[in-house]
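Please read the structure below before turning to the comments.
All of the numbers you see were taken from the coordinates with simple rules; none came from a lab. Keep in mind that this is a model prediction, so the values were computed, not measured. Note that each Cβ is placed from the backbone with ideal geometry, even for glycine, and that neighbours are counted across all protein chains shown.
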Ligand SMILES: *Cc1c(COP(=O)(O)O)cnc(C)c1O
């Protein structure tokens with residue numbers, strides 16, 4: 001399949017080229033030429049397959065022409081070698097737990113899929129690929145883990161100093177090898193702005209073959225739709241599809257869900273669950289889309305003021321704002337309410353939420369109050385242990401450390417401090 005630029009639809013390239021470039025000229029985002037559509041009977045047959053077979057079938061049309069089937073099979077098998085359980089919390093609300101991967105947050109699937117694709121694409125070339133990635137917390141860890149030791153690829157991660165949790169910072173800064181962490185004295189939007197600028201910089205383009213591993217990269221973005229298929233595989237009544245609430249920051253995950261919807265996945269409705277960074281939530285409630293500077297919240301992976309993937313949401317609905325609003329409802333949840341829901345859900349059901357899952361669960365509850373007889377799923381995007389301070393503040397207990405996280409505590413951290421200015425970053429890149 002080919003992918004066109006949302007800046008200039010006549011710019012159209014293969015899956016391989018779109019993955020390696022990351023972004024089209026003039027900061028354009030790539031978008032699939034044709035979203036595969038499955039009839040209801042076909043969809044039921046797909047959902048009855050084992051997860052790896054299902055994942056292979058869903059991804060195959062997108063990567064065809066760039067990745068042979070047997071290679072894709074290996075990539076998919078290696079990418080989803082952990083469970084995605086649907087955990088019932090109440091009769092009407094279940095959590096799809098996406099935090100059983102190596103870095104304990106949902107970004108592992110996209111990062112692992114993308115790193116293996118890039119590894120395949122750089123198999124013959126002596127030309128090293130440099131992955132540049134801005135992270136609000138979890139992307140960096142997932143990308144570092146997914147790319148660690150991948151030959152022909154180096155990774156540079158920009159993260160906002162003091163605005164990621166201690167475990168997140170350890171995941172970013174303790175890898176070494178082909179992974180370099182830059183601690184930027186600013187917020188996520190500063191990091192993202194630097195990365196976007198770098199891709200348009202001809203001087204850097206001469207020295208490096210740069211690509212992105214944010215959800216602007218299609219190889220990161222597209223496999224995230226698998227979560228929604230896995231959710232429906234575990235849903236007991238396909239004739240009464242679920243409402244799905246997605247904790248959203250840069251809107252890659254929700255956008256991937258909407259792709260799945262377009263492909264014919266039965267979903268009743270989507271909820272964009274946001275924290276105080278409510279540009280998209282306000283749009284969905286009827287306002288004009290107005291990006292704003294990011295503000296810090298307890299659900300820091302969603303502290304994004306101008307989400308990159310918003311334009312893809314519109315494209316999925318052919319740029320019809322009214323259609324987006326018809327299929328997606330937006331909520332903005334305060335930190336105060338986030339703490340309360342973590343406490344209430346723990347005390348009432350004995351289930352420990354992380355702050356991102358909490359934002360989504362509360363949004364879903366609010367929606368279901370107004371839509372009786374519907375039931376829903378929210379995406380639990382991170383393990384509560386990634387946000388121990390918030391969880392302890394809300395519940396008084398400390399979440400247990402899974403073994404994957406405890407090994408990190410003994411590793412040495414390495415990072416380079418960076419001013420939140422493009423010229424400082426560029427100078428460093430040209431001199432290294
Ligand atoms: C990245 C992240 C989000 C937001 O996902 P987007 O695709 O950027 O909207 C939500 N929760 C967690 C835990 C994350 O790491």
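Taking 0.36 nm per residue of separation and subtracting the Cα-Cα distance, full extension of the segment from residue 288 to residue 369 would add 26.5 nm. Taking the range 367-395 and a reference point 7 angstrom along Cα→Cβ of residue 347, the backbone N atoms nearer than 19 Å belong to 390-395. Looking at the chain, the DSSP beta bridges with both ends there are about 25 percent antiparallel.
Please compute the contact order of the range 244-311 in relative form: average sequence separation of alpha-carbon pairs under 8 Å and at least six residues apart, divided by the residue count, as a percent.
Numbers: 94 pairs, mean separation 26.5, N = 68.
So the answer I get is 39 percent.
Taking the number of Cβ atoms within 10 Å of each Cβ as an exposure proxy, the fewest-first ranking of 238, 222 is 238, 222.
Do you know the relative contact order of the chain, to the nearest whole percent, from alpha carbon pairs under 8 angstrom that are 6+ apart?
Working: 866 pairs, mean separation 78.1, N = 432.
This gives 18 percent for the chain.
Ordering 70, 169 by the number of other Cβ atoms within 10 Å of each residue's own Cβ, fewest first, gives 70, 169.
Classify the range 46-149 from the C-alpha gyration tensor, please: rounded if a/c falls under 1.5, else prolate or oblate depending on whether a/b exceeds b/c. List each step's numbers first, then the result.
Details: a/c = 2.84, a/b = 1.36, b/c = 2.08.
Judged from the Cα gyration tensor, the range 46-149 comes out oblate (a/c at least 1.5, b/c at or above a/b).
Rounded to the nearest 0.05, the FRET efficiency derived from the C-beta distance between residue 326 and residue 42 at R0 = 30 Å is 0.75. Placing a pseudo-label 7 Å from each Cα along the Cα-to-Cβ vector at residue 430 and residue 392 gives an inter-label distance of 4.6 nm. Over all pairs of different C-alpha atoms, the range 373-417 has a mean inverse distance whose reciprocal, the Kirkwood radius, equals 13.4 Å. In the range 1-143, Cα pairs under 8 Å separated by at least six residues give a relative contact order of 17 percent.
Computed from the alpha carbon positions, the gyration tensor of the range 222-265 leads to an equivalent ellipsoid with semi-axes of 18, 11, 9 Å, biggest first. For the range 275-432, the fraction of C-alpha pairs more than 25 angstrom apart is 47%.
In the range 118-221, the convex hull through the Cα atoms has an average projected area of 6.3 nm², a quarter of its surface area.
For the chain, what does the convex hull of the Cα positions come to per residue, in cubic angstrom? Show your work: numbers first, answer last.
Values: hull volume 56.8 nm³, N = 432.
Taking the convex hull of the Cα positions in the chain, it is 131 Å³ per residue.
Percent antiparallel among DSSP beta bridges with both residues in the range 129-256, to the nearest 5? Working shown, then result.
On the way: 0 of 16 bridges.
Restricted to the range 129-256, the bridges split so that about 0 percent are antiparallel.
Normalised by 2.2 N^0.38 Å, with N the number of residues, the alpha-carbon radius of gyration of the range 1-83 equals 1.24. Once both labels are positioned 7 Å from their Cα atoms along Cα-to-Cβ, the gap between residue 417 and residue 14 label points is 4.6 nm.
Inter-label distance, residue 2 to residue 49: 2.6 nm, where each label sits 7 Å from its Cα along the C-beta direction. Counting every other Cβ atom within 10 Å of each residue's Cβ, 221, 235 order from fewest to most as 235, 221.
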